[in-house]
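The next block holds one structure in the form of structure tokens; read it before the comments.
The values are calculated or read from the model by the stated rules, or taken from the named source; none is laboratory data. Predicted, not measured: the structure shown is a model, and the values here were computed from it. Note that each Cβ is placed from the backbone with ideal geometry, even for glycine, and that neighbours are counted across all protein chains shown.
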Amino acid sequence: MSCRIVLLGPPGSGKGTQAPRLAKELGVPQIATGDLLRQAVKNGTELGKQAKGFLDRGELVPDELVVGLIDEQLKALNGKKGFVLDGFPRNPSQAKALEGITGIDLAVLVDVPRDEVVRRLSARRVCPNCGQIYHLEFRPPKRSGICDVCQGNLVQRSDDKPDVVAKRYDVQYNEQAAPLIESYRKASVLVEVDGRGSIESVFERILSEIQARKSAKKR
Ligand code: AP5
Ligand code: MG
């Protein structure tokens, strides 16, 4: 089985924490639409200017902008053997657009209940330079407020305010992603992983689902 993997899950489920580990383990690149959009906002590009309001309000950026971005990223892989997508697709129309670019082997849904999401996001800190993700309690930096990797000053994401988190969970995830998850389930490409517990144990669960799929395909 090639490793074309899509990570799904509510905000705060740990997609951004798990995606780089998974990509490293599988030897494939990771592409995160949220990171790319935040970078575009930071750099003041045309895409960033168009996306900023949507990000701040916790709404999906219009499909045509995100599909264009992902198309560019996937074409730049030049036929490499796989990828881990974090944050794309987010609705059925994005999934259809992805199908037009490439197939996928597996969609991994990392499931975390709403109260745990709120707990995680209220104490998340990120490095605006290198993107490393921290949690004040569960994954604290060695020095308070300073990134372990690049020594940047850690910040809170602007969309981690409680009202924006609620909108991201209730509208983006519960309403807009639900039919997408259902269609992946029907197509038998979906696996669901319990996203609770330690970062390490969630990683092991995701990996074992991928390995199980690979072995089943070989049989
Ligand atoms: P995006 O950046 O993708 O945000 P999201 O999906 O809301 O998810 P998050 O990044 O908030 O959470 P995560 O699952 O990555 O969790 P993390 O690993 O950080 O998108 C942001 C915005 O961009 C969207 O609102 C939209 O506007 C736009 N956008 C992006 N893609 C789009 C698309 N395709 N179409 C349209 N618009 C798009 O973990 C969270 C916290 O929990 C961290 O502090 C972490 O340290 C901690 N943690 C992680 N795992 C554990 C664990 N097992 N135990 C304890 N703590 C943990
Ligand atoms: Mg993320």
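Can you tell me which residue in the range 91-131 is surrounded by the most Cβ atoms within 10 Å (Cβ to Cβ), limited to those that are charged (D, E, K, R) and within 21 Å of ILE210 (Cα to Cα)? Step by step, filter the range 91-131, then rank; the result is ASP105. When the range 124-146 is filtered for residues that are at pLDDT 95 or above, more than 15 Å from THR17 (Cα to Cα) and not basic (Lys, Arg), the ones remaining, listed by number, are SER144, GLY145, ILE146.
The rows are residues; the columns are (1) more than 7 Å from ligand 1 (Cβ to nearest atom); (2) within 25 Å of GLN156 (Cβ to Cβ); (3) surrounded by 18 or more Cβ atoms within 10 Å (Cβ to Cβ).
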residue	(1), (2), (3)
ARG4	yes, no, yes
LYS15	no, yes, yes
LYS49	yes, yes, no
GLU64	yes, no, no
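Highlighted here are the helices (runs of 4 or more DSSP H) found entirely within the range 40-135 that include at least 2 residues which are hydrophobic (A, V, I, L, M, F, W, C) and touching a strand residue (DSSP E or B) at 6+ places or on another chain (Cβ under 8 Å): 63-75.
Within the range 11-33, restricting attention to residues that are farther than 16 Å from ASP160 by Cα and outside any helix (DSSP H, G or I), the residue that is farthest from ligand 2 (Cβ to nearest atom) is GLY27. Name the single residue that is surrounded by the fewest Cβ atoms within 10 Å (Cβ to Cβ) among those in the range 184-200 being in contact with a strand residue (DSSP E or B) (Cβ under 9 Å, 6 or more places away or on another chain) and assigned to a helix (DSSP H, G or I). This residue is ARG185.
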